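Visitor: Quick one: this structure, given as structure tokens, is what I'll be asking you about.
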Amino acid sequence: MCVSTDMFVFDAVQRRRLIQELGEQRIPYLSPADPGFQELWDSSYAGLALRQSCALPDGLHERVQSALITLQRRGCLLRDLVRIRDRDVFTAVSRALVGKPGYTYRYLDTRLFTIPWHCEGEERQKDEKDKPCCDSDLRDACKALWELNQFFCSDVKQQTNARGVKRSRSDTENSEDTPGEGMCEESVKDRLLEKKQKQEKEEEEEEEEDSGQGCSHSSPPSSAPPPDVAGLVEFNVTLINYMDPTAMTQLKEEPYYGMGKMAVGWHHDENLVPLSPVAVYSYSCPAEPKKEEVTEKDGEGQSKEKEKQKETETEGEGTSKEEPKKEEGEGSEKEEVQKEKACWRVGLKVAWDIHTPGLALPLQSGDCYYMTDDLNRTHQHCVLAGDTARFSSTHRVVQCCTGTLDYIQKRCSEALENLHTDPEKTTKSLKSLLPNTLQHIEDIHNEVEFEWLRQYWFQGRRYARFCSWWTKPMEQMEKDWKEMERMTQLLLDVVEDENTVQENRREMADILLNALTDRQQHRQTWRDRCQSSLAQSLPPEEAPFDRPYWSNEDPDMPLPFDLSEIINRVESLLWRM
């Protein structure tokens, strides 16, 4: 799983080169108040689609926002201790993964394990005692996120098929008459200046406006969506994020455009199915939720607050519909910039391009945006912090070929098929000593220990505290891994047996030495991570476990934890051959 690390190193090299080329200059970027914003969006960011808050079904906002607050109140959202350039760092945002049972999402050498989202008809949401894996509050919260996911699955497909870039043309036409479907009254007002700019250029750009797509070079016009997403979009997980910028002492400034403080730096989303879309729900809340009485009324409060804000803004704007060009001039523009920077925004740029202006899109609470086509591959995005706390639910189609419980359980079964147990003597032996078979088993052995068991326990007791779904599967996986330790010990016995055929013996010794050396290095890395000052700073219920771990004299384990002495024996054996 070196994709994320290689990409990060490549991005670091590109970043240094870009900064050197820029020097003291800043690349321009456009916001909705800037002339040419719509044209830039159409031409260079055609894979981005914005859905106003009113596009969601009635009642869904309240259920989703209540669900997000429940996850925060229950302590499910935690900062991840991730690995960047061989160094552990905490993420600025707190996170949790919700999705299909048994799915995981891996980023920055960290594997997150899903809290099941309790969808209708799903049978795998109970523990080994046939009890629900979560309590009723958490089940309701996860089900609300599943409902949001279902909406995204159908809506993204419709938007993609209709080339739903930014807003569909039909949404724009509806908003010019009445603020009904697709656009709210707030949306009409907030985008008034942008629409006026479009009207001023209609005569000059009539053909471009009719196409509804501009002159995109990064995402050329197409009458059909990419073949990989032509059918129903099936988001399988959502990564829930939370951050309160007032609680952060250090937020980095965006370095290339001067967009402001970044909550999440420039990046591509990792380990997704190629050309799959990403859907994001944004919820800004006035303060960090701490009290039990936080309920769906919060959503109503947000709506009332937004209405008051709308009235205030309207009073300040005066007769903006009849007089879009105000006398305040620069003062008005500065106010608009300050207003935009007060809300959360998503920033986008063409990857490693200093010639195309960036895009900064303000997000009102309840707004959603989609990244479709190849936008995630050809562009990078960041999240720019606003003045209030914010949740986001980021729905993805993650690669599931190597990241599900079903996958790793099948891998365990493949390895254990080579273990023979004599029913009479209860002794064990390896069925096959073919080099390819032995290599395959040792690869699975390392994968189970370092990609699953240690990843799971590095995150401490965070999952078992509020969801028991993973408890039994991880216990069984640890039993299977222990059997693989036994198989490695059996291979060592064969290699050290002088009666083993010399040619096969050397090849088996090479396979064993490589596997043991790799295992020893990884175990030391994980021990160092668990004992780091950052890991030790966490409360006990969140602190990493160095598991599996055992003393070298443990009679229940076939091999010692510290493999250095065995490695020396095998090396010495190879020298004598």
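The values are calculated or read from the model by the stated rules, or taken from the named source; none is laboratory data. Being a predicted model, the structure only gives us computed values, none of them experimental. As a convention, Cβ positions derive from the backbone with ideal geometry for all residues, glycine included, and neighbour counts pool all protein chains shown. Surface accessibility is based on the protein's heavy atoms, side chains included, excluding ligands, DNA and RNA. Shrake-Rupley method; radii C 1.70, N 1.55, O 1.52, S 1.80 Å.
Visitor: Taking amide hydrogens as modeled 1.01 Å from N in the peptide plane, which residues meet the under 5 Å criterion relative to G460, leaving out close sequence neighbours?
Guide: Amide H neighbours of G460: F545.
Visitor: Report the extension gain between R16 and R85 in nm, rounded to one decimal, defined as 0.36 nm multiplied by the number of residues separating them, less their alpha carbon distance.
Guide: Contour length minus Cα-Cα distance gives 23.4 nm.
Visitor: Quick one: accessible area per residue over region 37-157, 1.4 Å probe, rounded to a whole number of Å²?
Guide: I get 35 Å² per residue for region 37-157.
Visitor: For region 447-577, report the % of Cα-Cα distances exceeding 22 Å.
Guide: Taking all Cα-Cα pairs of region 447-577, the fraction more than 22 Å apart is 46 percent.
Visitor: I've got another one for you. Please compute the per residue accessible area over region 432-501 with all protein chains in place, 1.4 Å probe, rounded to a whole number of Å². The partial results should precede the final answer.
Guide: Values: 2720 Å² over 70 residues.
The answer is 39 Å² per residue.
Visitor: Turning to a different aspect of this structure: Could you check how much of the accessible area of region 13-106 is carbon and sulfur, as a whole percent, using a 1.4 Å probe?
Guide: It is 44 percent, rounded to a whole number.
Visitor: In Å, what is the Rg of the alpha-carbon atoms in region 381-505, and how long is Dmax?
Guide: Answer for region 381-505, Rg first and Dmax second: 20.5, 73 Å.
Visitor: Ignoring ligands, DNA and RNA, what percent of the 1.4 Å accessible area of region 471-577 is carbon and sulfur?
Guide: Numbers: 2650 of 5740 Å².
Carbon and sulfur atoms account for 46 percent of the accessible area of region 471-577.
Visitor: Residues with beta-carbon under 11 Å from that of D546, excluding D546: net charge, scoring Lys, Arg +1 and Asp, Glu -1?
Guide: Value of the local net charge: +4.
Visitor: Another question, then. So who's got an amide H within less than 5 Å of the one on A46, skipping anything under 5 residues away but keeping other chains? H placed 1.01 Å off N, in plane.
Guide: Hits under the 5 Å cutoff: S219.
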